[in-house]
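Have a look at the structure below, then the notes.
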Amino acid sequence: MKEKEKKTDLLKEKKTDLLQGTLDMLVLKALALGPLHGLGVSNRIAQITQGVFQVKPGSLFPALHRMEEAGWLTSSWGESENNRRAKYYRLTKAGQRQLKTETDDWERISLAIAKALQAT
Amino acid sequence: MPLLPRLSSLWRNLFHKTQRDQELTEELDAYLELLTEQKINAGLAPEAARRAALFELGGKQQVKEQVGEARTGYQLETCWQDLRYGLRMLRHNPGFATVAVLTLALGIGMNTAIFSVVYSVLLRPLPYSAPEKLMALFSMRPQLNSFRGPVSAPDFVDWRAQNRAFDAMSAYAFNTYTLTGSDLPERFIGRRVSANFFQTLGVKPQLGRAFLPEEEEAGRNRVAILSYGLWERRFGADPDLPGKTVSLNGENYTVVGVTPNDFRFAPVEIYTPLTFAAADMSDMARGMHFLRVIARLKTDITLEEAKTDIENISRRIERQYPVTNAGKYGNVIPYQQDIVGDIRPSLLVLLGAVSLVLLIACANVANLLLARAASRQREIAVRTALGAARWRIVRQLLSEGVILSLAGGGLGLLLAYWGTDALIGAAPSDVADSTPGWKQIGINPQVLSFTLLISFLTSIVFGLAPALQVSKPDLTDSLKESGKSSAGFKRQRARKVLVVAEMALALMLLIGAGLLIRSFQELQQVTLGFNPGQVFVADVSLGNVKYRETSQQINFFQQALQRIEKSPGVISAATVNFPPFSFNIDHVFTIAGQPEPAPDAIPQADYRVISPQYFRTLEIPLVRGRVFTEQDVAGAPRVVIINEALARRYFPNEDPIGKQIKLGRYMEVNPLHTVVGIVGNTKNRGLEIEFEPEFYYPFLQTPVRFSSIVARTQGDPLSLTTAVRNAVLEVDKEQPLARIRTMEMAISDSVTQRRLNMILLGIFGALALALAAVGIYGVMSYTVTQRTREIGIRMALGARRRDVLKSVVGQGMSLAASGVGVGLVGAFLVTRLMETLLFGVTPTDPATFGGIALLLLGVAFLACLIPARQATRVDPMVALRSE
């Protein structure tokens, strides 16, 4: 776990630009399955990436608020599983479209990169 | 990106900031609790779980700031912060802010005002159609160095008939009209113009029509076109005026048209057709020059071709009429150049001066900003060390520059409006009248944007200096520095160069102003040849119907004079057709008994027609012989009085008394007049013009219809106005008085242009002096703070206060001296450009140069003394400990 965290941090330092887009996509993907609060989003991302990405609050919250202002997410206050007040985020229509675009883009790029790396 | 949610978030972020902030805090608190709970569930003790959660969050404030940065409007918000911070900084340095803003405002305002006027006069096309095709034609006699003389009627008629270069050519002659009717009689200045005058200018009357070609013929020429202003004022803007009859100079004229409202052609109110009588077209009439000529160039003809064309015609005329036309040719000058000819040198000098002021202003602002940069270096280094991004600091400094520029620009705009109005109002009336559209001159937008741009660039570029400084990686150096790093010295050099330049420019300006002031003083010392104090002047022009006979003219003026002389307070009164400082007519004459002179040596003199009391009224001394008396009437021997200049030039070795002269050339048959007296010389044309030869005819013998009444009074001359007007109305109730003034006013008006130049250049000079003083003061007081430690050591080692004073002042004065040196050389090269504006001093007048240089050094000395005295108050112990 510790090892992986270090790796992510390293990644973060080196490829901020790439990760910015990636983070958006991961957040959108996490929310595509249903509304979540902040901690839920970061837990979901850790879960679906099998722990490769540990999103820290310092990146998570700016991303959430930025995407909300862009109109991809809406938020509302609600009760958590154990009756705590928490702010829940939910994907909008625009957010679903954005996830689709980003996914398509990502697939195209990763395919291209994979091909490039396999080329001899 | 969808716009609507963006805008609504922007709105919330900017105006519901606290609410947003609170919500975010709650969200983060909730996150923290959920995370703690999650960790407790994973098996950690509550205390440890809380600590771990806090650690993972990594500081609530940081996260909040990171979220803030991601929000819409973040840039806007920080800009606002920068602006507020900038304002606060400026408020804490009111001295700096005031000087910088005022400097900018003066630079912007003055430049805009002067440039606007210069543009309108020199560069803006005339308000006529295709103004660049409009030419003014003159008679020139290159041998006599005369290039812009009026044209004779036969010459004009030949030019108009024979030229191939012009679409239209039109002549006009000065005339005055007395309008009588229901209101009080009133006199107007007007022009007799060729029928195609308005077509030549490319102007259509607003109402009615222009003149028809046949209206140039005698008998059909009783038609008139009125100016818009006259039509509005005197005829209540009556739309049916064309076709109606008005009484001008006692004759009936049919009004055919009214000029457009924006049409300006000198101060002309009435136009009538110009008709040439047989006498105007005689061979001898070729020597009578009274016409001004304008013409419109054909589209494919150049100025040079037109000149050649007119010159060829002139040479043909010269061969045919050598008596009148030898050495006389036609000259073609673009009309705009002609009308701005007189004011052009003044405007160019003002333009140069005000550009210097702008340069000095920019140098000063740059200097102030550099000084501030030096004192803020540490502040900026601290902020950088605390993690401020460089672009953030640059933006901070930029916003300060923008605040300064905006404040300076706003104030400058006000100054520009005010200055343009002041300049327009202060201009001499002849300039205002002869420049079409003078009153409409407003701020020129291009000019304003140019000066704003220059000043903004200065304040912004130099405002950024400290930001460039911190871009260097040696942050620690900057932090440690207290004013002794090499970078500091380098910037100091830039500031010194700026100060030297400022001093040099200021010196040049001051010398220019000084030369103008000296010229003005010289002018005031000029000997007039008469006493202008307490003299009343008014013009009277008699109509040619009621006063057709010379006896009628004599009667009128004699009766009017008798009544005026009886008015209380009048010492003596007289008539003169052209009082000093009004118009002048020069005339060729022939001395009886002398051989025919060569064409370029024909005697020529100003002449005046006066009543017997004229010399007494103006206190012109009689040198020899006698003055005119009541016995010098028609039928008595014809007499003439000459002035000393004429006696000296044309009777160099003989006694002129008893000699005879006649008007006109050798071959002309005109009555001979015997010289009966010689009087002192008088200035008539202008203070700066040498005494001209002059002769006087007696009014009772050779009366004229146009004359001025001059009266010497005991008290205020203008208090005589009612008495004189009543006297005139008693003789003829339809006769107006025009141009009521005092002789001193007339003289003062003749130097308005000079006075204005002097005052403006004086203001610019004073401004430059103040700016330069501020500049050198700034540099020296900065140097003193830089040298505090060094001075402390010196004093600790035994230097006396006087040594310190000498060292600081010496440093400043060496800067001032270099500035003065450079400035003297510059002034030496530049002042000759203003030679035409000078009178009685050379452009390199040593007294002015020396005096101004001393003045500037003196002011610089005072400006250095203040920081130097500060330096002497340095306490060695404090200075040494301050490190």
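The values are calculated or read from the model by the stated rules, or taken from the named source; none is laboratory data. Computed from a prediction, not measured in an experiment: that's the story for all the values here. In this analysis, Cβ positions are derived from the backbone assuming ideal geometry, glycine residues included, and neighbour counts consider all displayed protein chains.
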Would you list the helices (runs of 4 or more DSSP H) that sit entirely within region B:739-799 and hold 2 or more residues that are under 30 Å from B:PHE583 (Cβ atoms) and among the polar types (S, T, N, Q)?
B:743-750, B:752-786
Among the residues in region B:22-30, are any over 58 Å from the mean Cα position of the chain (by Cα), on the phi > 0 side of the Ramachandran plot, within 11 Å of another protein chain (Cβ to nearest Cβ) and surrounded by fewer than 16 Cβ atoms within 10 Å (Cβ to Cβ)?
no
Residue among B:VAL784, B:VAL808, B:VAL820 that alone is at pLDDT 85 or above and closer than 16 Å to B:ALA879 by Cβ:
B:VAL808
Just need a number here: residues in region B:678-721 that are part of a helix (DSSP H, G or I) and surrounded by fewer than 18 Cβ atoms within 10 Å (Cβ to Cβ).
3
Considering only region B:6-21, I want to know if a residue exists there that is modelled with pLDDT of 80 or more, within 11 Å of chain A (Cβ to nearest Cβ) and more than 44 Å from the chain's Cα centre (by Cα).
yes
Where a residue in region B:34-48 is more than 20 Å from A:SER42 (Cα to Cα) and its partner, wherever it lies, is in a helix (DSSP H, G or I) and not aliphatic (A, V, I, L, M), with Cβ under 8 Å and at least six apart
B:PRO46/B:THR36; B:ALA48/B:LYS39
Among the residues of region B:738-757, the number that are surrounded by 22 or more Cβ atoms within 10 Å (Cβ to Cβ) and either among the small types (Gly, Ala, Ser) or modelled with pLDDT under 85 (or both) is 1
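B:GLY514 - would you say it is modelled with pLDDT under 60 and farther than 24 Å from B:LEU104 by Cβ? Spell out how you get there, then give the answer.
Numbers: modelled with pLDDT under 60: no; farther than 24 Å from B:LEU104 by Cβ: yes.
The answer is no for B:GLY514.
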Going through region B:78-104 in order, the residues found to be among the aromatic types (Phe, Trp, Tyr) and either modelled with pLDDT of 80 or more or touching an Asp or Glu at 6+ places or on another chain (Cβ under 7 Å) (or both) are B:TRP80, B:TYR85
Mind counting the residues in region B:191-233 that are in contact with a strand residue (DSSP E or B) (Cβ under 7 Å, 6 or more places away or on another chain), among the small types (Gly, Ala, Ser) and under 17 Å from B:VAL545 (Cβ atoms)?
1
Here is a list: B:ILE661, B:ILE641. Which entry is modelled with pLDDT of 95 or more and not in a loop (DSSP other than H, G, I, E, B)?
B:ILE641
Do you know which residues across region B:159-175 are surrounded by fewer than 21 Cβ atoms within 10 Å (Cβ to Cβ) and within 20 Å of B:VAL256 (Cβ to Cβ)?
B:ALA168, B:ALA173, B:ASN175
Which one is nearest to the chain's Cα centre (by Cα), of the residues in region A:91-104 that are loosely packed, with under 14 Cβ neighbours inside 10 Å and charged (D, E, K, R)?
A:LYS100
If only one of B:GLY792, B:GLY851 is within 29 Å of the chain's Cα centre (by Cα) and either within 28 Å of B:ILE689 (Cα to Cα) or in contact (Cβ under 8 Å) with a residue 24 or more places away in the chain (or both), which one is it?
B:GLY851
Per-region count, region B:514-527, residues over 13 Å from B:ARG755 (Cβ atoms) and crowded, with 17+ Cβ neighbours inside 10 Å:
3
Out of the residues in region B:558-572 that are within 41 Å of the chain's Cα centre (by Cα) and of a type in the set (A, V, I, L, M, F, W, C), which is farthest from B:ARG712 (Cα to Cα)?
B:ILE564
Residue identified as closer than 13 Å to B:PRO154 by Cα and in contact with a Phe, Trp or Tyr (Cβ under 7 Å, 6 or more places away or on another chain) among B:VAL258, B:VAL293:
B:VAL293
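Out of region B:565-606, which residues are in a strand (DSSP E or B) and of a type in the set (Phe, Trp, Tyr)? Quick ask: steps written out before the conclusion?
Initially, region B:565-606 is screened for residues in a strand (DSSP E or B), giving B:570-576, B:586-591, B:604-606.
The answer is B:PHE589, and nothing else.
Yes/no matrix, rows are residues, columns are (1) under 29 Å from B:GLY73 (Cα atoms); (2) among the β-branched types (Val, Ile, Thr); (3) away from chain B (no Cβ under 11 Å); (4) touching a Gly at 6+ places or on another chain (Cβ under 6 Å):
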{"site": "A:LEU39", "(1), (2), (3), (4)": "yes, no, no, no"}
{"site": "A:THR49", "(1), (2), (3), (4)": "no, yes, yes, no"}
{"site": "A:VAL52", "(1), (2), (3), (4)": "no, yes, yes, no"}
{"site": "A:ALA70", "(1), (2), (3), (4)": "yes, no, no, no"}
{"site": "A:LEU73", "(1), (2), (3), (4)": "yes, no, no, yes"}
{"site": "A:ARG90", "(1), (2), (3), (4)": "yes, no, yes, no"}
{"site": "A:ARG97", "(1), (2), (3), (4)": "yes, no, no, no"}
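Looking at region B:270-352, what strands (runs of 3 or more DSSP E) fall wholly within it and have at least 2 residues that are in contact with a Leu (Cβ under 7 Å, 6 or more places away or on another chain)? I'd like the intermediate steps shown before the answer.
Values: elements: B:270-273, B:289-297, B:329-334.
Counting at least 2 such residues, we get B:289-297, B:329-334.
Taking the stated definitions as given, is B:ASP238 within 19 Å of B:GLY208 (Cα to Cα), surrounded by 14 or more Cβ atoms within 10 Å (Cβ to Cβ), among the charged types (D, E, K, R) and more than 35 Å from the chain's Cα centre (by Cα)? Working first, answer last.
Details: within 19 Å of B:GLY208 (Cα to Cα): yes; surrounded by 14 or more Cβ atoms within 10 Å (Cβ to Cβ): yes; among the charged types (D, E, K, R): yes; more than 35 Å from the chain's Cα centre (by Cα): yes.
Spelling it out, B:ASP238 is indeed within 19 Å of B:GLY208 (Cα to Cα), surrounded by 14 or more Cβ atoms within 10 Å (Cβ to Cβ), among the charged types (D, E, K, R) and more than 35 Å from the chain's Cα centre (by Cα).
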Is at least one residue of region B:531-546 part of a loop (DSSP other than H, G, I, E, B), farther than 25 Å from B:GLU692 by Cβ and among the small types (Gly, Ala, Ser)?
yes
Hey, does region B:353-369 have a residue that's of a type in the set (Ser, Thr, Tyr) and surrounded by fewer than 21 Cβ atoms within 10 Å (Cβ to Cβ)?
yes
Residue ID - farthest from the other protein chains (Cβ to nearest Cβ), chosen from residues in region B:41-51 that are surrounded by fewer than 16 Cβ atoms within 10 Å (Cβ to Cβ) and part of a helix (DSSP H, G or I)
B:GLU47
Within the bounds of region B:83-105, is there any residue that is away from chain A (no Cβ under 13 Å) and over 30 Å from B:VAL779 (Cα atoms)?
no
Taking into account only those residues within region A:75-84 that are more than 8 Å from chain B (Cβ to nearest Cβ) and not in a strand (DSSP E or B), which is surrounded by the most Cβ atoms within 10 Å (Cβ to Cβ)?
A:GLU81
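Which residues, counting only those in region B:186-231, are more than 17 Å from B:ARG296 (Cβ to Cβ), in a helix (DSSP H, G or I) and of a type in the set (Ser, Thr, Tyr)?
Across region B:186-231, the qualifying residue is only B:TYR228.
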